[in-house]
Amino acid sequence: MKNNVSFNSTLTKFGMGLFETIKVTDYPLDLDLHMNRLFNSIKELNLSIENDKEFYKETILKYIKENNVKNKALRLTVFDEGYNISLRDITYNEDTYKKGFSLCISPIKRGDSIIYRHKTTNYFESMYSKHYATDRNFEDAIFLDSLSNILECSMSNIFFIKSNTIYTPKSSSPILNGIMKSNVKSICKNLDINLVECDINVSCIDEYDAVFVTNSLMGIMPVTNICDVNYDKNYDLIKKLQKNL
């Protein structure tokens, strides 16, 4: 495992690398899904990574056992010189979910790059937008495309609810289709909840009853507002999804 990166690394010079953030309770949640996504990205982006999927899976499990890791966020980063595993606290608690998230619109509009469909270490746009949001007392910012259609937040996927139907941006959009997004889609299928992937223009956000965002660490987070448009953070369907997660 690498704890230092040289200035000759393509990670240092160009931000070329991939990472996965895995929630660890007593065990790593959705580990196989994370590994599958990682190696799908390695293949599609034609990256040269020296180890195979089973190596990283076994290494993560060994690291968790040897370091008695519980209730942490584990990050695996892979790049040209090797790999790194790091830990951080999971800051979401009961009060966070009761309060919900407040969102704004990122000043950055996205093009249709395939890179957005992968969890790369080049995270400048996301970090800029996240800081833009927190500087203005929002929890996160939403990216739009050139037509002002909603894509995703800087750290999460986004879902809208109207009359108990869930709407989310198309999987073919320039977004990272998250592990938790996949889990939500599976829950909806199992519970016979109607979920529609479609274009959602920012001009229409006041037409929806509720909104929530998802990622692997926070699961399902209700949204209180997008800019000055308010939503029902206690919407029954959100609670139903959370219960079945």
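Laboratory data are not the source of any read-out in this text; all were calculated from the coordinates shown. Quick caveat: nothing in here was measured; it's all calculated off a predicted structure. Every residue, glycine as well, gets a Cβ built from its backbone with ideal geometry; the counts of neighbours run over all protein chains shown.
Other residues lying with their Cβ under 10 Å from the Cβ of Ala73 contribute a combined charge of +3, Lys and Arg counting +1, Asp and Glu -1. For the cross-link pairs Lys170/Lys239; Lys43/Lys119; Lys23/Lys170; Lys119/Lys162; Lys98/Lys170, the ones whose C-alpha atoms lie over 20 Å apart are Lys170/Lys239; Lys23/Lys170; Lys119/Lys162; Lys98/Lys170.
In sequence order, the range 79-94 has phi-based couplings of 7, 4, 8, x, 8, 9, 10, 9, 10, 8, 6, 9, 8, 6, 9, 4 Hz under the Karplus curve 6.51 cos²θ - 1.76 cosθ + 1.60, θ = phi - 60°, and Gly or Pro positions carry x. Shape descriptor for the range 94-243: Rg over Rh equals 0.93 (Cα atoms; Rh from the Kirkwood inverse mean 1/r).
Between the Cα long axis of helix 53-66 and the first principal axis of the chain there is an angle of about 90°, rounded to the nearest 10.
Highest-first packing order for the peptide set 90-100, 144-154 is 144-154, 90-100, based on the mean count of other beta carbon atoms within 10 Å. In terms of Cα atoms, the Rg and Dmax of the range 1-116 work out to 16.5, 46 Å.
Peptides 65-71, 226-232 ranked from most to least packed give 226-232, 65-71, packing being the mean of other C-beta atoms within 10 angstrom over each peptide's residues.
DSSP assigns beta bridges within the chain; of those with both partners inside it, close to 75 percent run antiparallel. Across the range 123-132, rounded Karplus estimates of 3J(HN,Hα) from the backbone phi angles (6.51 cos²θ - 1.76 cosθ + 1.60, θ = phi - 60°) give 10, 4, 4, 5, 5, 4, 5, 4, 5, 4 Hz, Gly and Pro being marked x.
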